[in-house]
Amino acid sequence: MKVLHVGAEIFPLVKTGGLADVLGALPQALIAAGADVRLLLPGLPAIVDAVLHQKVVCEIGPCFGAARGTLRLGQMPYSKVPIYIVDAPYRYRRPGSPYQASDGSEWADNVQRFALLGWVGAQLAAGELDPAWTPSLVHAHDWHAAMTCAYVAAHPPTAAATVFTVHNLAYQGLFPSGDFALLGLPSRFMASSGLEYHQQLSFMKAGLKFAQRVTTVSPTYAREIATHEFGFGLDGVIRGRGGDVSGVLNGVDGVVWNPATDASLAARYSPTQLQGKAKCKLALQAELGLKPGAEAPLFGLVSRLTSQKGLDLLLGALPGLLRRGGQLALQGSGDPALEAAFVAAAQAHPGAVAARIGYDEAFAHRLIAGADAILVPSRFEPCGLTQLYGLRYGTLPVVRRVGGLADTVVDASDEAVQADRATGFSFDAATPAALDTAIQRAIAAHAEPARWQGLMRRAMAQDFSWTGAAQKYMALYRQLTGTPAVAGRTG
Ligand code: ADP
Ligand code: GLC
């Protein structure tokens with residue numbers, strides 16, 4: 001089965017969040033499950049510079065205001081996954097974020113940049129760009145790739161099935177309705193049954209309305225987005241899709257995130273050889289100027305600093321954490337006010353709070369390995385990956401019980417501890433007090449080494465590999481394309 005994934009970022013070349021981790025790992029897992037997978041990515045500088053063995057597939061010609069474009073086919077470094085690149089320098093070859101200029105504003109031509117990506121995806125699906133490879137299914141990720149689904153729907157002879165995955169409903173790709181004229185779609189697409197959203201144009205709706213199936217990245221988030229509280233104005237559209245919407249939990253790339261082999265760490269460790277983790281903690285404390293010692297429970301956080309992530313709750317709960325002898329190590333970037341608040345907290349509490357503002361992949365590994373617990377107090381969380389990395393690294397998650405966090409962390413209630421199922425600490429209310437209670441419980445558990453080590457071993461024994469998710473996507477692909485399962489293959 002030939003499957004084309006369309007998305008805007010990929011680990012390790014271009015990453016603003018978990019979407020990149022997913023697009024780096026899921027295609028490999030699908031290939032291992034027997035699918036013939038290729039990716040389509042925009043020709044951002046880091047992608048054009050790194051993809052190996054590039055060959056020109058065809059000229060795209062002038063479109064979406066780009067003077068000309070070329071479709072190239074190459075291979076991801078290391079994984080060798082085949083990558084199509086939309087090489088349209090005028091639209092994509094610019095420094096910085098895939099979505100924003102350096103001043104934080106959206107690129108002014110995002111409507112053309114991501115319409116172009118979707119249009120090329122649909123043309124590939126129609127077999128019009130690469131006669132040597134026509135996908136039977138196109139899988140588009142987030143609003144950046146969602147227009148693929150609208151262009152496939154506008155091109156009825158296309159046989160390819162379509163799947164759209166919502167990684168985060170908060171980012172919708174909204175543009176002025178006048179931009180519709182740039183898209184080259186029939187006018188019937190600019191209706192409430194199509195891309196129209198409160199007199200604007202919504203790329204997210206293109207995916208939600210026109211994909212044959214909609215998935216999101218955890219079963220709980222799939223239910224949540226059908227509600228007013230989590231639907232970001234699109235809950236009615238989600239409800240309208242009924243049983244076409246489902247959740248498939250993300251996995252962890254076990255090669256990138258493995259404490260037994262992780263070259264970024266001061267020492268390596270495994271569930272049966274945990275001494276290395278203590279060394280990682282001391283090394284992290286030394287690196288950050290935190291007071292050294294095994295006793296102080298060290299809480300870590302690696303995150304985009306946005307309102308989604310519940311960092312205001314953490315600022316509110318910080319005094320309690322510090323009063324009970326805890327330490328905080330934070331790595332993140334984003335909202336300037338949140339950045340400033342954590343920098344100020346670090347200055348006010350030297351030796352107990354450290355805040356590193358910026359993006360650093362290797363340091364994220366050292367932080368997650370060195371901390372005792374990883375905080376994810378999100379207001380909403382489609383899946384969340386850092387709690388999964390925490391589980392794998394024996395760094396117990398302290399999470400709000402929403403979205404994928406609810407699906408992946410088992411709270412250390414007395415009952416769950418007795419049944420040897422507990423893997424972390426959860427709380428419900430989006431309040432500093434509720435987070436404070438969860439932190440208190442974690443600190444109390446940390447004070448009992450045998451209890452804490454039991455939780456760590458249980459956490460590290462969890463299997464969140466991509467294999468299970470790949471099998472679920474394969475089942476969906478087979479259903480949509482009418483492909484029978486191949487005997488002897490698990491996919
Ligand atoms: P989201 O996609 O909403 O940002 P996820 O938890 O799914 O949240 O994924 C975040 C990914 O980005 C993880 O791989 C995490 O380690 C990484 N990350 C976030 N902020 C930073 C940072 N400042 N430095 C390094 N890695 C980061
Ligand atoms: C989004 C979500 C996050 C999820 C990631 C990968 O960025 O915010 O929860 O883990 O996508 O699917």
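Read the figures in this text as sums done on the coordinates, not as results from a lab. These numbers were taken from a predicted model, which means no experiment stands behind them. All Cβ positions, glycine included, derive from the backbone under ideal geometry; neighbour counts span all protein chains shown.
Full extension of the chain between Ala433 and Ala344 gives 29.9 nm of extra length, using 0.36 nm per residue less the Cα-Cα distance. In plain terms, the chain from Ser333 to Ala286 could stretch by 14.7 nm, reckoned as 0.36 nm per residue minus the Cα-Cα distance. Label positions at Ala108 and Arg223, each projected 7 Å from the Cα along the C-beta direction, are separated by 4.7 nm. Sites counted here are GluC sites (Glu not before Pro) in a DSSP loop (not H, G, I, E or B) having no more than 11 other Cβ atoms within 10 Å; the longest part of the chain that contains none of them is 1-228. Shown here for segment 256-363: trypsin sites (Lys or Arg not before Pro) in loop regions (DSSP other than H, G, I, E, B) with at most 12 other Cβ atoms within 10 Å, of which there are none. Which net charge results for the neighbourhood of Ser307, defined as the other residues with beta-carbon distances under 11 angstrom from its beta-carbon, given Lys and Arg at +1 and Asp and Glu at -1? Counting the neighbours of Ser307, the net charge comes to +1. Taking the DSSP bridge list for the chain and keeping only pairs wholly inside it, about 30 percent are antiparallel. Secondary structure note: in segment 258-334, about 10% of the DSSP beta bridges are antiparallel. Note on Leu315 and Ser192: with the Förster distance fixed at 41 Å, the Cβ-Cβ geometry gives a FRET efficiency of about 0.55. Across all Cα pairs in segment 275-460, the calculated P(r) in 10 Å bins from zero up to the longest distance comes to 10, 42, 39, 8, 0 percent per bin. For segment 306-382, which chymotrypsin sites (Phe, Trp or Tyr not before Pro) pass both filters: DSSP loop (anything but H, G, I, E, B) and at most 15 other C-beta atoms within 10 Å? Here the chymotrypsin sites (Phe, Trp or Tyr not before Pro) that fit, given the DSSP loop and packing criteria, are Tyr359.
A helix-only calculation puts the chain at -11000 deg cm²/dmol for mean residue ellipticity at 222 nm, using -39500 (n - 2.57) for each DSSP H run of at least four residues, averaged over all residues.
Dipole check for segment 275-460: with +1 at the C-beta of Lys and Arg, -1 at the C-beta of Asp and Glu, and the Cα centre as origin, the magnitude is about 340 Debye.
In the structure shown, the pairs Lys80/Lys309; Lys281/Lys309; Lys55/Lys205; Lys2/Lys80; Lys80/Lys472; Lys2/Lys309 are assessed against 28 Å; a Cα-Cα span above that value is assigned to Lys80/Lys309; Lys55/Lys205; Lys2/Lys309.
Label 7 Å along Cα→Cβ of Ala362; segment 310-348 residues with amide nitrogen under 20 Å? Residues 330-333 fall inside that zone. The alpha carbon centroids of segment 258-289 and segment 112-186 are separated by 44 Å. Once the Cβ-Cβ distance of Ala260 and Lys2 is raised to the sixth power relative to R0 = 45 Å, the FRET efficiency obtained is 0.80. Other residues within the sphere of radius under 10 Å centred on the Cβ of Trp257, judged by their own Cβ, net out at -2 (K and R +1, D and E -1).
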